[in-house]
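Worksheet: one structure, shown below.
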Amino acid sequence: MTTLGLIGSGNIGSTVARLAIAAGLDVVLSNSRGPETLADLVADLGPRARAATAEEAAAAGDIVVVTVPLRNYRQVPVAPLAGKVVLDTNNYYPDRDGTFPEVEDGSTTSSELLQRHLPTSKVVKAFNNIYFGHLATLARPVGSPDRTALPIAGDDPAAKAAAAQLLDVLGYDTVDVGPLSESWRFQVNTPVYADVYASGLPFWENAGAPAGAAKIRALVDAAQR
């Protein structure tokens with residue numbers, strides 16, 4: 001891939017964009033407020049970045065990262081994402097998003113909701129369980145002994161392979177948790193959410209701490225509903 005599209009350019013989106021540019025990729029950013037509101041971010045990111053509408057970012061990306069609040073997932077454009085790998089960074093926060101009964105009762109996951117909204121896309125859950133500040137600082141080259149791993153989940157094996165390749169380029173190993181129905185294992189309030197990548201608590205006030213694949217796998221397996 002050569003171009004990463006981003007639907008949503010907040011903390012996680014802008015951090016992923018920086019990692020992608022550092023890895024030599026082009027990025028097309030969008031948000032809900034319009035391309036003109038991203039001028040400062042694009043200027044800071046440099047010539048490999050440009051701002052666009054959500055539809056344009058979706059069309060431009062070889063892989064597209066959707067990083068919007070769950071309450072807004074139905075606003076993600078469908079047609080330009082047909083056939084594409086879509087990385088979903090979202091978490092379900094009832095105080096922010098309102099109540100989603102089907103997520104509350106465990107009958108579905110937030111990423112499965114996005115997959116139903118994008119029936120011709122291939123959704124992979126990624127980037128949702130790490131604080132953006134730690135995501136920015138824990139990236140390491142291939143072969144580094146202190147390389148950190150991030151969990152992913154998805155229903156399409158080829159899409160997960162593409163996601164893992166992208167994360168590898170960005171500086172991270174991956175742990176395949178299984179289908180989207182298992183993505184609850186690295187959602188909020190699970191052992192592998194946020195704290196594991198921090199050197200102390202609260203995680204947002206402390207530096208990042210590497211967490212390798214074996215550690216992440218053990219914590220994912222220990223998750224309980």
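When Gly13 is tested against (1) in contact with a Leu (Cβ under 7 Å, 6 or more places away or on another chain); (2) at positive phi, exactly one condition is not met: (2).
All of Leu4, Leu41 fail the test of being over 24 Å from Gln165 (Cα atoms) and either at pLDDT 95 or above or not in a helix (DSSP H, G or I) (or both), apart from Leu41. Scanning the range 175-189 for residues that are in contact (Cβ under 8 Å) with a residue 12 or more places away in the chain, over 19 Å from Lys84 (Cβ atoms) and open to solvent by 30 Å² or more (accessible area, probe 1.4 Å) yields Asp176, Ser181, Glu182, Trp184, Arg185, Val188.
The number of residues in the range 20-44 being open to solvent by 20 Å² or more (accessible area, probe 1.4 Å) and either touching a Pro at 6+ places or on another chain (Cβ under 6 Å) or hydrophobic (A, V, I, L, M, F, W, C) (or both) comes to 7.
Do we find that Ser144 is without any contact (Cβ under 8 Å) to a residue 24 or more places away in the chain and under 23 Å from Ala194 (Cα atoms) in this structure? When the stated conditions are applied, Ser144 passes them.
Can you find a residue in the range 78-90 that is modelled with pLDDT of 95 or more, of a type in the set (Asp, Glu), in contact with a helix residue (DSSP H, G or I) (Cβ under 6 Å, 6 or more places away or on another chain) and surrounded by fewer than 24 Cβ atoms within 10 Å (Cβ to Cβ)? Scanning the range 78-90, I find no residue that is modelled with pLDDT of 95 or more, of a type in the set (Asp, Glu), in contact with a helix residue (DSSP H, G or I) (Cβ under 6 Å, 6 or more places away or on another chain) and surrounded by fewer than 24 Cβ atoms within 10 Å (Cβ to Cβ), so the answer is no. In the range 45-68, which residue that is of a type in the set (A, V, I, L, M, F, W, C) and more than 15 Å from Gly13 (Cα to Cα) is surrounded by the fewest Cβ atoms within 10 Å (Cβ to Cβ)? Once the filter is applied, the top-ranked residue is Ala59. Scanning the range 131-167 for residues that are among the aliphatic types (A, V, I, L, M), open to solvent by 10 Å² or more (accessible area, probe 1.4 Å), within 17 Å of Thr15 (Cβ to Cβ) and assigned to a helix (DSSP H, G or I) gives a single hit, Ala136. For the range 44-122, the helices (runs of 4 or more DSSP H) that sit wholly inside it and include 3 or more residues that are in contact (Cβ under 8 Å) with a residue 24 or more places away in the chain are 54-60, 110-117. Selection over the range 177-214 of residues that are hydrophobic (A, V, I, L, M, F, W, C) and closer than 20 Å to Asp156 by Cα gives a count of 4. Given the condition part of a strand (DSSP E or B), open to solvent by less than 40 Å² (accessible area, probe 1.4 Å), at pLDDT 95 or above and small (Gly, Ala, Ser), answer yes or no: does some residue in the range 190-212 qualify? Within the range 190-212 (the criterion being part of a strand (DSSP E or B), open to solvent by less than 40 Å² (accessible area, probe 1.4 Å), at pLDDT 95 or above and small (Gly, Ala, Ser)), the answer is yes, since at least one residue qualifies.
The values are calculated or read from the model by the stated rules, or taken from the named source; none is laboratory data. Everything numeric in this text was worked out from a predicted model, so none of it was measured. We place every Cβ from the backbone using ideal geometry, glycine too, and count neighbours over all the protein chains shown. Calculation scope for accessible area: heavy atoms of the full protein, side chains included, ligands and nucleic acids excluded. Shrake-Rupley method; radii C 1.70, N 1.55, O 1.52, S 1.80 Å.
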